[in-house]
Structure formats: C-alpha cells, structure tokens
Amino acid sequence: MTEVSHQQWGQVSGLGPVDVWVLQSSQVRVEVLSFGAIIRSVHCSGNDGQMKDVVLGYDDLEGYVSDKRYFGAVVGRVANRIAGGHFTVEGTEYQLDLNNGPNALHGGLKGFNKGNTLTAEYRARSTKTTPVNLTNHTYFNLAGQNAKDIYDHEVSISAPSYLPVDDTLIPTGEIRAVEGSPFDLRKPVLLGPRLKEGLGPGFDHNFCLSAPKDAWSERHAARVRHPASGRVLEVSTSQPGVQFYTANFLDGSIEGKAGVRYGKHSSFCMETQNWPDAVNKVSFPDCLLHPWEEYHHITRFIFSTV
C-alpha cells in the first residue's frame, strides 16, 4: 500500500507557496514538488536493506528556483533541442529564445520547469497548432546521489538505432543502426569503459525505440543496474525515443544535497520523448499538437533490487 501526504515546503516570490508531496511504500519513497512537478528525491532499498536517495537535487527551494540544469524537472513545451530555435508551423515562422549555444533547449529561457513504480502521465491541449514534447529530467545515480560517478552502472536500451548529432547536439537527420558501434546498448553494458570509447564527452543522444505492436502503446525502453547495491531502474514508455544523457556538462560547480558537488558523469538521465528537433525534420515522428487533439503519454520508472 502506498501512503500519500503533503506539506508546504517553501514559497516562491510571485508564484506563492510550494508543497512537497510524499509517496511512500515499503520499498520506495518519492518526493515531488508542486513547483515544476520536480522529482526531488527517490529513496529506494539496496540488497543490504538500506534506503538511499538516488536522485540528484538541492536541499532547499532556492536551489530549484535558480537551477539551470533541470534537476528532476518536467521540461517543455518542447524537450531537447530545436535547431537555431527556429521553425515554421502552418506557414508562420517562429523564433524562440536561444539558451543552449545557437539552439533552444528544453523550452527555452522559461520552460515548464505507486508501490515500486513511479508513473508520470502527461496531458496537454492547445488553442493553436504548436510543437509539444514533454519529458522528465531527473538525474539518477543508483549508488546514491552522493556517489562520485556512474562508471559501475550497467545499462541496456531497447533501441536498434540512434540519432547522430552535429557539434551543437542537433540531430543530423540520419537514423543510424547501433549495430557495431558504442551506441549498441541492446545488451547490458558497463558504463565506465563505454564512456571512454571515443564518445566525446559522453552519451547525449536520442535512442530510437523498437516499434510497438500497436501505435503509441507502452513498451520497455531501458534498464539500469548498479551491481554493488543491487538497485535496478527499469523504464517503460509510450514515446518513440529516449534521450540517454550521462551528465556530461556537470562540472562540480553546482552544490547539491548535503553539500555534494556534482561532477561530470556523476549521474544519468532517461528522458523519454519524441525525437529532438522533430519540428524541423519531416522524416521524424510528428510533434505538432493541433487544437482538436490531446497530447498524452505515459512513462514508468520501476525500482527493484536483484
């Protein structure tokens, strides 16, 4: 049985009070903020019976208000990158704010920031045709949020192909098979050696998930295991892609929970999503939401111990 409670956690000037909602079962305890639907913490048990927080974040609300790395946040209206922050919809050109070099990232300068399964269900409607791509940007480390890196994690992603990117991390438009490359994660791979195999700073790529039996039905996306603790995170989704990100741009400058400095490769994100820059790539899955439609997708984070 899952217990649900909430209490006020702080206040944001101009927005009002912020609550923290706590979902707790015998195996998992999750904290979610009413500010940006941020996943603040996930405490789950290892094979030694000890509960550890496996989510990076901050000790206070101010950290999340000033955060520029999307710790735990729901990001949108369009997750990931739009090339040049520019696109055309129904004959009208739009220019977005640029907040990631020459591109718009995770909604630009002002975005949207049960049991052992945490389910995220997204719904959206619009009065005008617009690109929409929502995801969650939680940084996980199954060894605990204070662990130095994720080199001892094993990961598998059910994707036969991925999207190569240019120097600004925009997909080139090619859909490339993972076979014979460092991006072949269809079987469990230890991250440490793989991150040193000529990937540049690390993984920050969209993996194109295997086609479902029925269009947009939910299917398995990824599995991450931390052998030392026995903690396992499995991800399923109704989305066509998952952005696997290995915290390449954390550099120790951010002070998180309990004063921990989060460095490069200190965590990973599994951002279930439509493919990046789809609004500018006609061969990618359509990301436009029309006024008569409802945007809807589900992602499940399943925690267990082996």
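The values are calculated or read from the model by the stated rules, or taken from the named source; none is laboratory data. Quick caveat: nothing in here was measured; it's all calculated off a predicted structure. For neighbour counting, all protein chains shown are included, and Cβ atoms are generated from backbone atoms with ideal geometry for every residue, glycine included.
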Given (1) within 30 Å of G85 (Cβ to Cβ); (2) in contact with a helix residue (DSSP H, G or I) (Cβ under 9 Å, 6 or more places away or on another chain); (3) of a type in the set (A, V, I, L, M); (4) surrounded by 23 or more Cβ atoms within 10 Å (Cβ to Cβ), where does I170 come up short, assuming only one miss?
-> (4)
Among the strands (runs of 3 or more DSSP E) lying completely within segment 82-141, list those that include at least 1 residues that are modelled with pLDDT under 85 and at negative phi.
-> 86-89, 92-95
Output yes when any residue across segment 176-183 is surrounded by 17 or more Cβ atoms within 10 Å (Cβ to Cβ) and not aromatic (F, W, Y), and no when none is.
-> yes
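Does V235 satisfy the criteria of being surrounded by fewer than 23 Cβ atoms within 10 Å (Cβ to Cβ), within 22 Å of I39 (Cα to Cα) and at pLDDT 95 or above? Before you say what the answer is, go through the steps one by one.
On the way: surrounded by fewer than 23 Cβ atoms within 10 Å (Cβ to Cβ): yes; within 22 Å of I39 (Cα to Cα): yes; at pLDDT 95 or above: yes.
Here the answer is yes, as V235 does meet what is asked.
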Selection count, segment 258-306, where residues are in a loop (DSSP other than H, G, I, E, B) and over 22 Å from Y162 (Cβ atoms) = 9
In this structure, does Y139 turn out to be out of contact with any helix residue (DSSP H, G or I) (no Cβ under 8 Å at 6 or more places or on another chain), among the hydroxyl-bearing types (S, T, Y) and closer than 26 Å to L56 by Cα?
-> yes
Being assigned to a loop (DSSP other than H, G, I, E, B), charged (D, E, K, R) and within 12 Å of V224 (Cβ to Cβ) is the filter here, so list the residues in segment 142-154 that pass it.
-> D152
Looking at S34, S5, S45, S41, which one is crowded, with 18+ Cβ neighbours inside 10 Å, among the hydroxyl-bearing types (S, T, Y), over 24 Å from V242 (Cβ atoms) and in contact with a strand residue (DSSP E or B) (Cβ under 7 Å, 6 or more places away or on another chain)?
-> S45
Counting just the residues of segment 155-208 that are assigned to a loop (DSSP other than H, G, I, E, B) and acidic (D, E), which one comes out modelled with the lowest pLDDT?
-> E197
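When segment 15-33 is examined, which residues are found to be touching a Lys or Arg at 6+ places or on another chain (Cβ under 8 Å), within 16 Å of G115 (Cβ to Cβ) and either part of a loop (DSSP other than H, G, I, E, B) or not β-branched (V, I, T) (or both)? It would help to see each step written out before you state the result.
Kept after step one, since they are touching a Lys or Arg at 6+ places or on another chain (Cβ under 8 Å), are these residues of segment 15-33: 20, 22-23, 25, 31-33.
In the following step, the residues that additionally are within 16 Å of G115 (Cβ to Cβ) were identified as 22-23, 25, 32.
Correct list: L23, S25.
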Checking S229, S210, S158 in turn, the sole residue that is more than 21 Å from the chain's Cα centre (by Cα) and either under 17 Å from Q273 (Cβ atoms) or buried (at least 21 other Cβ atoms within 10 Å of the Cβ) (or both) turns out to be S229
Given V74, V65, which one is within 24 Å of H265 (Cα to Cα) and surrounded by fewer than 19 Cβ atoms within 10 Å (Cβ to Cβ)?
-> V65
